[in-house]
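Participant: Can you read through this structure? Questions will come right after.
The values are calculated or read from the model by the stated rules, or taken from the named source; none is laboratory data. Because the structure is predicted, anything quoted here is derived from the model rather than measured. Counting neighbours? That spans all protein chains shown, and the Cβs are built from the backbone with ideal geometry, glycine included. What goes into the accessible areas is simple: the full protein's heavy atoms, side chains included, and nothing from ligands, DNA or RNA. Shrake-Rupley method; radii C 1.70, N 1.55, O 1.52, S 1.80 Å.
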Amino acid sequence: MTDPRWLTIARGYIGVREIKGPQHNPTIMGWLRKLGSWIRDDETPWCGTFAAAVMHEAGLPVPREFPRAKAWADWGANLRESVVSPGAVLVFERKGGGHVGFYLGEDAEAYHVLGGNQGDAVSIVRISKARCIAIRWPRGEPVLGRPVLLAANGATSENEA
């Protein structure tokens with residue numbers, strides 16, 4: 001199975017990390033500039049910015065309010081849980097707001113999510129399926145795979161910021 005182009009792009013950013021204080025990560029700041037964001041630091045929640053930067057780099061549209069994670073819940077086309085595929089955009093509830101990231105796979109209780117601002121970095125975490133409020137796919141793009149079952153290793157993230 002081949003990853004969709006945006007997921008390949010996203011994997012290339014694993015390890016990008018925000019910098020606390022007056023200095024800011026130039027990669028994250030570059031995403032904000034390219035996307036025309038009003039945000040001027042890398043400490044404002046940036047999971048939506050990461051998703052938008054990846055989609056933009058892949059030549060795909062992004063929500064107008066892309067920094068807001070929950071804005072992704074109406075983006076693209078709905079994808080049923082039974083046909084979720086690597087690269088699907090997952091939107092989650094979290095204390096204080098929402099979170100957005102890309103589906104890599106799942107175990108019985110959690111999705112394995114590649115996303116930005118997960119522990120202040122682009123990383124892979126497990127997030128409870130019960131928190132998922134939307135599964136989305138770019139309109140006009142073929143769904144390339146199907147659900148991927150993975151072993152449940154590691155803790156489940158409670159608050160991705």
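Participant: Testing ALA71 on (1) closer than 15 Å to ILE133 by Cβ; (2) of a type in the set (Gly, Ala, Ser); (3) in a loop (DSSP other than H, G, I, E, B), one condition comes back false. Which one is that?
Facilitator: That leaves (3) as the condition not met.
Participant: Regarding THR8, is this residue at pLDDT below 95 and open to solvent by 70 Å² or more (accessible area, probe 1.4 Å)? First the steps, then the outcome.
Facilitator: Working: at pLDDT below 95: no; open to solvent by 70 Å² or more (accessible area, probe 1.4 Å): yes.
In short, no.
Participant: Then there's this: Scan region 91-140 residue by residue and report those that are of a type in the set (Ser, Thr, Tyr) and either open to solvent by 40 Å² or more (accessible area, probe 1.4 Å) or within 14 Å of GLU81 (Cβ to Cβ) (or both).
Facilitator: First pass over region 91-140, keeping only residues of a type in the set (Ser, Thr, Tyr): 103, 111, 123, 128.
Across region 91-140, the qualifying residues are TYR103, TYR111, SER128.
Participant: Could you list, in sequence order, the residues of region 32-55 that are farther than 17 Å from ASN117 by Cβ and in contact (Cβ under 8 Å) with a residue 12 or more places away in the chain?
Facilitator: Within region 32-55, just LYS34 meets the criteria.
Participant: Ok, one more. Anything in region 119-161 that is of a type in the set (S, T, N, Q) and at pLDDT below 95? List them, or say none.
Facilitator: Just the residues of region 119-161 that are of a type in the set (S, T, N, Q), to begin with: 123, 128, 153, 156-157, 159.
The answer is ASN153, THR156, SER157, ASN159.
Participant: Same structure again: What are the residues in region 48-86 that are among the polar types (S, T, N, Q) and in contact with a Ser or Thr (Cβ under 9 Å, 6 or more places away or on another chain), if any? Steps first, answer last, please.
Facilitator: First pass over region 48-86, keeping only residues among the polar types (S, T, N, Q): 49, 78, 82, 85.
Listed by number, the list holds a single entry, THR49.
Participant: Assuming GLY76 fulfils every condition listed in (1) open to solvent by less than 20 Å² (accessible area, probe 1.4 Å); (2) of a type outside the set (S, T, N, Q); (3) within 21 Å of SER157 (Cα to Cα) apart from one, which condition is it?
Facilitator: Unmet for GLY76, out of (1) open to solvent by less than 20 Å² (accessible area, probe 1.4 Å); (2) of a type outside the set (S, T, N, Q); (3) within 21 Å of SER157 (Cα to Cα): (3).
Participant: Could you run through region 10-34 and say how many residues are under 12 Å from the mean Cα position of the chain (by Cα) and outside any loop (DSSP other than H, G, I, E, B)?
Facilitator: Step one: of region 10-34, the residues under 12 Å from the mean Cα position of the chain (by Cα) are 10-11, 13-14.
From what's left, outside any loop (DSSP other than H, G, I, E, B): 10-11.
Total satisfying the criteria: 2.
Participant: Can you go through SER85, SER37 and tell me which one is part of a loop (DSSP other than H, G, I, E, B), at pLDDT 95 or above and closer than 29 Å to ALA108 by Cβ?
Facilitator: Details: SER37 fails: closer than 29 Å to ALA108 by Cβ.
That would be SER85, the only listed residue that is part of a loop (DSSP other than H, G, I, E, B), at pLDDT 95 or above and closer than 29 Å to ALA108 by Cβ.
Participant: Output the residue which, of all residues in region 95-118 that are assigned to a loop (DSSP other than H, G, I, E, B) and at pLDDT 95 or above, is nearest to GLY76 (Cα to Cα). Spell out how you get there, then give the answer.
Facilitator: As a first pass, look at region 95-118 and keep what is assigned to a loop (DSSP other than H, G, I, E, B): 95-96, 107-109, 116-118.
Next, from what is left, pick out any that are at pLDDT 95 or above: 107-109, 116-118.
On the way: ASP107: 25, ALA108: 26, GLU109: 25, GLY116: 19, ASN117: 22, GLN118: 23 Å.
Looking at residues that are assigned to a loop (DSSP other than H, G, I, E, B) and at pLDDT 95 or above, I get GLY116.
Participant: Moving to a separate point now. In region 40-61, how many residues are touching a Gly at 6+ places or on another chain (Cβ under 8 Å), in a loop (DSSP other than H, G, I, E, B) and open to solvent by less than 10 Å² (accessible area, probe 1.4 Å)?
Facilitator: Qualifying residue count for the region: 1.
Participant: Looking at region 141-158, which of the residues that are charged (D, E, K, R) and either assigned to a strand (DSSP E or B) or open to solvent by 80 Å² or more (accessible area, probe 1.4 Å) (or both) is farthest from THR49 (Cα to Cα)? Can you show your working first?
Facilitator: Within region 141-158, the first condition is being charged (D, E, K, R), and the residues that meet it are 141, 146, 158.
Restricting the remaining residues to those that are either assigned to a strand (DSSP E or B) or open to solvent by 80 Å² or more (accessible area, probe 1.4 Å) (or both) gives 146, 158.
Values: ARG146: 26, GLU158: 20 Å.
Per the stated criteria, the residue is ARG146.
Participant: Further question: If the Cβ limit is 8 Å and pairs must be 6+ apart or interchain, which residue in region 135-150 that is touching a residue at least 12 places away in the same chain (Cβ under 8 Å) and of a type in the set (Asp, Glu) pairs with which residue that is surrounded by fewer than 18 Cβ atoms within 10 Å (Cβ to Cβ) and in a loop (DSSP other than H, G, I, E, B)?
Facilitator: none
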